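Only one structure is covered here, and it is reproduced in the block below.
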Amino acid sequence: MPAPPPVTARTPIRRAARYSGWLCGYAAALLAANILTASFGMVPVGFGQRATAGTLLAGVALMIRNVLQDQLGRTGVVAAVLAGSLLSALIAAPGLALASAAAVAVAELADMALYTPLRRHGWARAVLPATTLGALLDSVVFLSLAGLPVWAAVPGQVIGKGWAIAVPVLLALLGRTPRLRLWAVRSRRAVHNWVTG
């Protein structure tokens with residue numbers, strides 16, 4: 001059995017910084033999703049479908065929620081989801097505040113309910129079905145409460161969120177390939193050297 005990593009004074013600070021970074025990313029994704037939807041309305045997402053402009057970032061928020069659960073546990077992520085719902089209600093356009101808050105709460109909690117039992121089978125196997133369920137519920141709840149045509153808009157919403165789900169999962173799976181992992185390490189090192197050099 002390998003020895004545990006040494007505990008240093010910087011370990012709690014690094015952990016807190018990592019948690020804070022993911023929480024800020026989650027809040028930023030929710031904020032940006034509302035701003036984009038209010039600013040641009042409906043946009044094309046492929047396959048002849050359209051969705052609200054914030055759809056991609058709503059999908060990103062669902063993905064980050066899964067990472068937060070791994071980092072903070074279920075209690076921490078429930079607090080993050082409730083805070084995210086409140087944030088969505090505060091930053092959404094007045095007519096969309098309830099729809100936005102309810103969509104975040106329902107979708108994220110449903111995502112967590114499915115992600116939790118599937119997580120032991122691997123990250124990708126848990127995140128794909130859980131985030132897909134969350135994306136579908138997010139779309140239906142938001143569109144219903146916002147007074148928008150639900151079933152006409154759901155395909156575009158799901159496709160838009162699907163892009164946000166598929167890309168990180170694909171990158172995570174590709175990262176398991178030794179050659180690609182080596183390429184990723186070398187690329188990161190090259191960028192670091194370029195930035196600091």
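The values are calculated or read from the model by the stated rules, or taken from the named source; none is laboratory data. The structure displayed is predicted, hence computed values, not measured ones. With ligands, DNA and RNA removed, areas are computed over all heavy atoms of the protein, side chains included. Shrake-Rupley method; radii C 1.70, N 1.55, O 1.52, S 1.80 Å.
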Note to self: If DNA, RNA and ligands are ignored and the probe is 1.4 Å, what is the ranking of TRP163, TRP22 by accessible area, most exposed first?
What the structure shows: TRP163, TRP22
Note to self: Under 5 Å between amide hydrogens, which residues at least 5 positions from ALA51 or on another chain qualify, with H placed 1.01 Å from N in the peptide plane?
What the structure shows: VAL43, VAL45
Notebook entry, point to check: Sorting ILE159, ILE165, ILE35 by accessible area (1.4 Å probe), largest first, what list results?
Noted result: ILE35, ILE159, ILE165
Note to self: How would the stretch 63-168 be classified by its alpha-carbon gyration tensor: rounded, prolate or oblate, with rounded meaning a/c under 1.5 and the a/b versus b/c comparison settling the rest?
What the structure shows: oblate
Checklist line | Under Karplus coefficients 6.51, -1.76 and 1.60, residue-wise ³J(HN,Hα) of the stretch 124-140 in Hz, glycine/proline x | finding: 5, 5, 8, 6, 4, x, 5, 6, 5, 4, x, 5, 5, 5, 4, 5, 5
Notebook entry, point to check: Percent relative contact order of the stretch 10-100, based on C-alpha pairs within less than 8 angstrom and at least six residues apart?
Noted result: 31
